[in-house]
Structures are given as structure tokens and as C-alpha cells.
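The values are calculated or read from the model by the stated rules, or taken from the named source; none is laboratory data. Computed from a predicted structure; not experimentally measured. Neighbour counts are summed over all protein chains in view; Cβ atoms, including those assigned to glycine, are modelled from backbone coordinates with ideal geometry. Note: areas computed on protein heavy atoms with side chains; ligands, DNA, RNA excluded. Shrake-Rupley method; radii C 1.70, N 1.55, O 1.52, S 1.80 Å.
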Amino acid sequence: MREQAWNRASRLSEWRRGGRRGGAAAAAVVAVGALTMGALAPPAAFAGTRPDSVQQGLNALVRSDGLPAALASVQDHPGRSRTYTAGVGDLATGAKVPVDGQVRIGSNTKTFTAVVVLQLVGEGKIGLDTSIDTYLPGLVRGEEIDGRNITVRQLLQHTSGLPNYTEKSDLQLRHYEPRELVDIALRYKADFEPGKRWAYSNTNYVLAGLIIEKVTRRTVAEEMDRRIIKPIGLRHTYFPASGDSTLREPHPHGYERESAGAPLRDITDMDPSWAWTAGQVISTNSDLNRFFSALLGGRLLPRAQLAQMRTTVPAAPLGSGAEYGLGLVSRPLSCRAGLYWGHGGSIPGYETRGGATDDGRAVNVAVTIQPNDKATMGRVEDVVDTALCR
């Protein structure tokens, strides 16, 4: 999910091009110079020793790339975890970055949504290769768009051809109902015939959320809580209630720029309803590590559904070697013949990157502004690669 900033008047732009960026309401305007004044200390466990490669990477993101704050959690083979911080948690007050603070995790939400759908597949309540019209009769109709020709699998794998509502339209800074988001997408012509190629579309995951609610007769928040969050002990993860614009626990503030050279604006509090099941969840780096480790370890899905989730197609726009399964992205590691699995997410004020390996290692990194250039984004992803390879 990468795009330009969403200015106050109107829009979400990085979510507009595949999920990366979004919009902003400004509470505080902060001088850019404050960015370089944050603490760059190693975590307490390493005080008095030279910073390790993860800490050095976070320090560089703050000092050299000018990001307000960076946080990471690293889980090694035996499940031991280390947490790291760099920068300033609140530029207006100079407050420290909360250790393992909550952040908006953006499109990592898609993996949660896909897990719920695949659990329902395992229970025989949803068919992966059944048309979405079976569950949402008559809802998906538009120019060269017919829900009778689109399967649940194609939604989860981004091969439906449905237009991306965040790319096609300027979204206002207000509350949205999920069907409004679908209606926005259906104003536009299909991008391609279902199943013919891959293209990221947030519309797919809003429809997946609607299918969950139709089949279970419960809210997505309830289903995620009882099927994922509680069973594996994600104590700092939740799907915000309608109208909830805040983060419940200690968190670094998130920032955005309306244009190059403009002052930073604090956009921590906002209504995330425009992202819904494509990007609304709030969590921490450590909880994300626990989630992806539990998923790959077979604790959330039966073997057959996990195998389906890990069956991928090339997804070059997500980076060299990236492939997309059913709400799960595989990426090559630089240090060995191997992969790690995760997703990544962008939402105004926050960028998260990371995932887990099959042998139990896991890393997640969060920064408190969306990088506006590929080089900086690459350095965020390099911290993940370095941590998994060391």
C-alpha cells in the first residue's frame, strides 16, 4: 500500500495505488527539524554493549531517513523475543517511543481476514472456488463485472479484476459503511477478466469481510476475536469498533506530510472505516510475530487450508521475488535459499513490514510515517531481512 499523502481536503492516495497510502487529519504540526532529536539508544537488554544490526538499522531510519520513530520485535528460533525502539514517540511533547507500542497495521489485516475465511472453508461453510454471488447475491454487478464469475479464491488472491476503490476515487475524511466502499469500486470498469492476472485491490477484502458477516451472522470484529485473537493470546490486537478513532494502549504517534517539504501533521487519531477488512486492525510488532508464527505453525488453519493459503502467484509490484497466496505474501531472504511469509501494511501514519519463517523466526518493524520513496522503503525492509538472516 504505497501512495501519496491524503490531504485534509480529500484523499487517500497511497492506498490508492495498491493499498499503500492514505489520508490525514491534522492535530499537531511539527517542525521537520525535530525528527533528528529522538533517542537512538539500544534496548535495555543490550545497554552497555554495542548496538546490534537491528538497532543500528532503526537508528539509521530515524537519523538518516528522517522518520519520526521506528520499532521492532525479533523472535528467534526458541521463541525468545527482543524489542527495539528509536526516535521520538510524540514530536509535540518529546515523549519516548513506547516499547512494543500499538500501531495501525494496515494491510496486515488482510491476513487476518483471509484466515477467518479459510477457517470457514475448512468448516464447509464457504467454498474457495464458489462464486461470491452465492454469498452476496446480486451485490457485485458493474461494467464487465459480475459476481457470478468471481470466486472467493480470486478475492483472496487479488485475481478478481475488481477495481481498487482506494485507487479509483477520492475518499473523504468521514465514516464509511463497507457497502459504500463496494459501490465506489463498482462505478468503474473491471480491470481485467477474473483469473487472468494479478492486481492488488482493497475491494477484494472488503467483499471478503461482507461474506464473513453474511455466513456467520456475526461482525468481523467478533469473528476475528473468537477465532484468532483470543485462541493464540494476542493481548494487544483488536478490530476497532465503528467510530473508534483512537489507539487503546501506549503507542507512538503517527505522522503524514501533505506535500514534499510540508510540516509533519499528527494523524494518529482517525476513523479507519475506509480500510475496514482490508486494513483496519490495530496491533503490536510482538503480537504480529505471534500471529504469523501461529499461522505458519498450523495453529490457526487445518493443513489443507494452510496449503491453499501458501499456494502463490507472482506479485512483482510488491517487490523482487514476491509472490501472493491467499492473504499471505512470500519473499526471498538475501542470506540463504529460503523465504519468509507475512504481508505488510500501510495506513496513514504507520508502515509495517515483517513476517515469519517456517523454522520459527519472526520479525516485524513499524515506522511512524509512510516512506515516500522506494529507497527508504527498501531500508525498512532491509531491517526485516537483516534480523531474519543474522
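Relative to the longest principal axis of the Cα atoms of the chain, the long axis of helix 53-63 lies at roughly 90 degrees.
Accessible surface for Leu173 stands near 80 Å², nearest 10, in the context of the full protein assembly shown (1.4 Å probe). Counted by Cβ distance under 14 Å from Gly142, the other residues give a net charge of -1, where Lys and Arg count +1 and Asp and Glu count -1. Estimated purely from DSSP H runs of n ≥ 4, each contributing -39500 (n - 2.57), the mean residue ellipticity at 222 nm for the chain is -7500 deg cm²/dmol once divided by its residues. Here the chain has 48 percent of its accessible surface on carbon and sulfur atoms, given a 1.4 Å probe and all protein chains in place.
For region 82-235, the alpha carbon convex hull comes to 157 Å³ per residue, rounded to a whole number. If you take the alpha carbon atoms of region 81-154 and fit the smallest convex hull around them, that volume is 177 Å³ per residue.
Within the shell of other residues whose beta carbon sits under 15 angstrom from the beta carbon of Ile232, the net charge comes to +3, with Lys and Arg scored +1 and Asp and Glu -1.
Here the peptides 320-330, 237-247 are ranked by packing, the mean other Cβ count within 10 Å, and the order with the highest first is 320-330, 237-247.
Of the residues Thr216, Thr111, the one with the largest accessible area comes first in the ranking Thr216, Thr111, computed with a 1.4 Å probe on protein heavy atoms.
Placing +1 on each Lys and Arg Cβ and -1 on each Asp and Glu Cβ, with no other charges, gives the chain a dipole about its Cα centre of roughly 540 debye.
Packing-based ranking of 132-141, 380-389 yields 380-389, 132-141, ordered from highest to lowest mean Cβ neighbour count within 10 Å.
For the chain, the longest principal axis of the Cα atoms and the long axis of helix 374-389 meet at an angle of about 80 degrees. Rounded to the nearest 10 degrees, the angle from helix 202-216 to the longest Cα principal axis of the chain is 60 degrees. Restricted to Cα atoms, region 189-346 shows a radius of gyration and a Dmax of 17.4, 50 angstrom. Computed over the Cα atoms of the chain, the ratio of the radius of gyration to the Kirkwood radius (Rg/Rh) comes to 0.95.
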